[in-house]
Amino acid sequence: MASIATGADVGAVAGSRKRRLFERNSLPALLLFLPPALILFSLFVVLPMVDAATFSFFDWNGYGPITDFVGFENYADVLTHRNFGTAVRNSLIVVVVSLVVQLPLAMWCAIALSERGVHINVLRTLFFLPFMLAEVAAGLIWNFVYDGNYGLLPAIGDAIGVDMPFVLGDKFWVIPAIMLVITWKYFGFHMMIFIAGLQSIPSEVIEAARLDGVKRWQIVRHIKIPMIRSAIVISVFFAITGALQLFDLIIPLSNGGPSHSSHTIVTFLYQFGILRMKLGFGGAISVILFIACVIVALAYRRILFKVEQN
Amino acid sequence: MAATSRKRQPVTTPIQWLTLLVVALFVIVPFYTTALGGFKEIGELRVNPFGLPASWDPIRFVEIMGGPRYFASLWNSLLIAGGTVLLSTLVASMTAFALAHIKFFGSKFILGYLMLGLLFPSATGILPLFIKMRDLGMLDSHWGIITVQVAFSVSFSVLLFHNFFKELPKELIDAARMDNCGYIKIFWYITLPLSLPIIATVGVFNFVGSWNSFLLPLIVLNSEDKYTWPLGIMQFKGQFGSDWPRILAFLTLSIMPAIAFFLLAQRYIISGLTGGAVKG
């Protein structure tokens, strides 16, 4: 919007000396500083999205000219693909479980660890550690934990006398198993965002409430949580976009199986678009994913703006 | 002061301690069993999951470190991450400097355009990106990955640099301008030396992102000798199936450099996350 306003000004101020297209003697710097980022960004981030939209209307295998226009057929194919429904459902489950399990756990830990102290620093670092770990490594570690023959889970089952299933090979258990790994991997990240929020609350506010005899949980409920609303909105946003792009963790854990029951949107794109070089089909998935991301991002900005207004 | 501190409630309640302990166990146990698993025999894993291994024979670790794969894949990852960090720092700081300090027509539009990248994840356009890289002859090369990763990182890096540059005292730049100093010199001799904290944050952030990345190298690299460590470890797992002691040893060796790096650099990572998140 700002750019439109500036554009309208140009004619009006063109004659005056005050405003010019660029500042005196700044042209060499502009010509050196701006093009690298603009070219790279346009070529490898923006253009692929434009291409995806183009491909999505054609039937193309990646070789030769693109001529086979098929209208919205690829979109229809994606939306009616039985595994696409599963992928969307799984992504939604990830969002819901993140909101009802992961974020409350992160909040609980953040409140316990928002003060100062040596043990607090150690625990914070420890809880944040899984977030830093590569998804592939985390996935393989948990693949071992869940392994039905030699893993940790059946060993624990032996100890308590329960016969544990091969969770990653079980159509029902594979999703809860993945959810546990996601919680393990990402709750520390949300905890850090909450801690940053909690530390920005002026200590006098908390101190005053304490002197007035307000109970600890009431301080949490009525002061701390309301005062970090924007941190919570940010956290929810990351939980949703994270679910939409989940890929690296799924491949080493279940690879989308058993029988395609644990696909997410991006593993679905990989399995049915990239590996089979179906550019049109893959392009349609990309466009759908892009629209979902943009809707989430715009809703997030609106909500965050409202929260910060209050 | 003494009176208030006596009235203070204890910092951590017993219930909080208990849950923190349970969560700490939940986080540690997978790491712990992975680290010890490399020393155990395969039969030992099931019958003695938590105990110490029967022998501390490091044979698997020695074998892996002596093998062709381990150091080569770490080196490839290091090259790619290093190249990505150097280039993305330079490219993003230059752009952010121009947008923050030079007045020119369209600067707000360019900033808005670059911030479009924050709206959607880079995985979205991965398939057309593959075609583009193929047509440009960038497949199966480290340079291809570096170039694309720099492009992916532009939005977030420019955001962090821009926020930081806006806070720098304007007088410094005005004074230099009075002395007829060009913007390129101001950037190099004044702004960059003042920006070490944000350079560290952006650099560490992009380093970790590149080090851990999986999807892009997966679709770009074909030759095994160019594999990054996440590809190498997936291939190792594919090859050795359920020879878990060997895989766990490889995993332990692969994540140790990352953990060491994290412990050294965590404050930059956290400031990048929270700074970018709160202001973005």
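The values are calculated or read from the model by the stated rules, or taken from the named source; none is laboratory data. Values in this document were obtained by computation on a predicted structure and should not be read as measured data. Note that each Cβ is placed from the backbone with ideal geometry, even for glycine, and that neighbours are counted across all protein chains shown.
Which of the residues belonging to the stretch A:187-209 are over 24 Å from B:Tyr268 (Cβ atoms) and assigned to a helix (DSSP H, G or I)?
A:Ser203, A:Glu204, A:Val205, A:Ile206, A:Glu207, A:Ala208, A:Ala209
Looking at the stretch A:210-230, which of its residues are closer than 16 Å to A:Pro104 by Cα, touching a helix residue (DSSP H, G or I) at 6+ places or on another chain (Cβ under 7 Å) and assigned to a helix (DSSP H, G or I)?
If the condition is that a residue be closer than 16 Å to A:Pro104 by Cα, touching a helix residue (DSSP H, G or I) at 6+ places or on another chain (Cβ under 7 Å) and assigned to a helix (DSSP H, G or I), then A:Val220, A:Lys224, A:Arg229, A:Ser230 are the ones that fit.
If you check every pair at least six apart or on different chains, which have Cβ atoms under 9 Å apart with a residue in the stretch B:183-208 that is under 22 Å from B:Phe104 (Cα atoms) first and a residue that is of a type in the set (Asp, Glu) and at pLDDT below 95 second?
B:Tyr183/A:Glu23
Considering only the stretch B:129-142, I want to know if a residue exists there that is among the polar types (S, T, N, Q) and farther than 30 Å from A:Ile250 by Cα.
Checked the stretch B:129-142: no residue is among the polar types (S, T, N, Q) and farther than 30 Å from A:Ile250 by Cα.
Select, from B:Ala176, B:Ala200, the only residue that is over 22 Å from B:Tyr268 (Cβ atoms), touching a helix residue (DSSP H, G or I) at 6+ places or on another chain (Cβ under 9 Å), more than 10 Å from every other protein chain (Cβ to nearest Cβ) and crowded, with 16+ Cβ neighbours inside 10 Å.
Unique residue meeting the criteria: B:Ala176.
Within the stretch B:248-264, is even one residue touching a Ser or Thr at 6+ places or on another chain (Cβ under 9 Å), under 23 Å from A:Tyr186 (Cβ atoms) and aromatic (Phe, Trp, Tyr)?
Taking every residue of the stretch B:248-264 in turn, at least one turns out to be touching a Ser or Thr at 6+ places or on another chain (Cβ under 9 Å), under 23 Å from A:Tyr186 (Cβ atoms) and aromatic (Phe, Trp, Tyr).
Given the condition small (Gly, Ala, Ser), at pLDDT below 50, in contact with a Gly (Cβ under 9 Å, 6 or more places away or on another chain) and part of a helix (DSSP H, G or I), answer yes or no: does some residue in the stretch A:4-15 qualify?
Checked against the condition, which is being small (Gly, Ala, Ser), at pLDDT below 50, in contact with a Gly (Cβ under 9 Å, 6 or more places away or on another chain) and part of a helix (DSSP H, G or I), the stretch A:4-15 yields at least one hit.
Would you point out which residue out of B:Met133, B:Met138 is within 30 Å of B:Ser223 (Cα to Cα) and surrounded by fewer than 22 Cβ atoms within 10 Å (Cβ to Cβ)?
Within the list B:Met133, B:Met138, the selection yields B:Met138.
Within the stretch A:133-178, count every residue that is closer than 18 Å to A:Ser262 by Cα, more than 10 Å from chain B (Cβ to nearest Cβ) and not β-branched (Val, Ile, Thr).
So the answer is 11.
List the pairs whose first member sits in the stretch B:69-90 and is within 14 Å of B:Phe214 (Cα to Cα), whose second member is outside any helix (DSSP H, G or I), and whose Cβ atoms are under 8 Å apart, counting only residues at least 6 apart or on separate chains?
Pairs that qualify, where the first residue is within 14 Å of B:Phe214 (Cα to Cα) and the partner is outside any helix (DSSP H, G or I), are B:Ser73/B:Tyr227; B:Ser73/B:Thr228; B:Asn76/B:Tyr227; B:Asn76/B:Thr228; B:Ser77/B:Thr228; B:Ile80/B:Thr228.
Which residue out of B:Pro230, B:Pro197, B:Pro193 is touching a Leu at 6+ places or on another chain (Cβ under 9 Å), part of a helix (DSSP H, G or I) and of a type outside the set (Asp, Glu)?
Selected residue: B:Pro230, the only one of B:Pro230, B:Pro197, B:Pro193 that is touching a Leu at 6+ places or on another chain (Cβ under 9 Å), part of a helix (DSSP H, G or I) and of a type outside the set (Asp, Glu).
Can you say whether A:Val95 is in contact (Cβ under 8 Å) with a residue 40 or more places away in the chain and either more than 7 Å from every other protein chain (Cβ to nearest Cβ) or among the acidic types (Asp, Glu) (or both), as far as the supplied structure shows?
The answer is yes for A:Val95.
Scan the stretch A:268-289 and report the pairs whose first residue is more than 9 Å from chain B (Cβ to nearest Cβ) and in contact (Cβ under 8 Å) with a residue 24 or more places away in the chain and whose second residue is in a helix (DSSP H, G or I) and β-branched (Val, Ile, Thr), with Cβ atoms within less than 6 Å and a gap of 6+ or a chain change.
Note: pairs meeting the criteria are A:Ala284/A:Val78.
So that you can scan it fast, the table gives a plain yes or no per residue for (1) within 11 Å of another protein chain (Cβ to nearest Cβ); (2) at negative phi; (3) not aliphatic (A, V, I, L, M):
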position: B:Tyr189; (1), (2), (3): no, yes, yes
position: B:Leu196; (1), (2), (3): no, yes, no
position: B:Trp211; (1), (2), (3): yes, yes, yes
position: B:Gly232; (1), (2), (3): yes, yes, yes
position: B:Phe236; (1), (2), (3): yes, yes, yes
position: B:Asp243; (1), (2), (3): yes, yes, yes
position: B:Leu248; (1), (2), (3): yes, yes, no
position: B:Ile255; (1), (2), (3): yes, yes, no
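Taking the stated definitions as given, is A:Gly148 over 26 Å from the mean Cα position of the chain (by Cα) and under 25 Å from A:Pro252 (Cα atoms)?
Criteria met by A:Gly148.
Cβ-Cβ under 8 Å, sequence separation 6+ or interchain: first residue in the stretch A:191-215 and more than 10 Å from chain B (Cβ to nearest Cβ), partner basic (Lys, Arg) and buried (at least 16 other Cβ atoms within 10 Å of the Cβ). Which pairs?
Pairs that qualify, where the first residue is more than 10 Å from chain B (Cβ to nearest Cβ) and the partner is basic (Lys, Arg) and buried (at least 16 other Cβ atoms within 10 Å of the Cβ), are A:Leu198/A:Lys224; A:Ile201/A:Lys224; A:Ile206/A:Lys224.
Only one of A:Gly62, A:Gly117, A:Gly71 is away from every other protein chain (no Cβ under 12 Å) and on the phi > 0 side of the Ramachandran plot; which?
Going through A:Gly62, A:Gly117, A:Gly71 in turn, the sole match is A:Gly71.
What number of residues within the stretch A:110-155 satisfy the criterion of being in a helix (DSSP H, G or I) and of a type in the set (Gly, Ala, Ser)?
6
Answer yes or no as to whether A:Pro36 is in contact with a Pro (Cβ under 9 Å, 6 or more places away or on another chain), part of a helix (DSSP H, G or I) and either within 9 Å of another protein chain (Cβ to nearest Cβ) or of a type in the set (D, E, K, R) (or both).
No, not satisfied.
Filter the stretch B:234-254 down to residues that are touching a residue at least 24 places away in the same chain (Cβ under 8 Å), out of contact with any Asp or Glu (no Cβ under 9 Å at 6 or more places or on another chain) and assigned to a helix (DSSP H, G or I) and give me whichever is nearest to A:Leu152 (Cα to Cα).
Ranking the candidates gives B:Leu248 first.
Has the stretch B:136-146 got at least one residue that is within 8 Å of another protein chain (Cβ to nearest Cβ) and of a type outside the set (Phe, Trp, Tyr)?
Within the stretch B:136-146, none of the residues are within 8 Å of another protein chain (Cβ to nearest Cβ) and of a type outside the set (Phe, Trp, Tyr).
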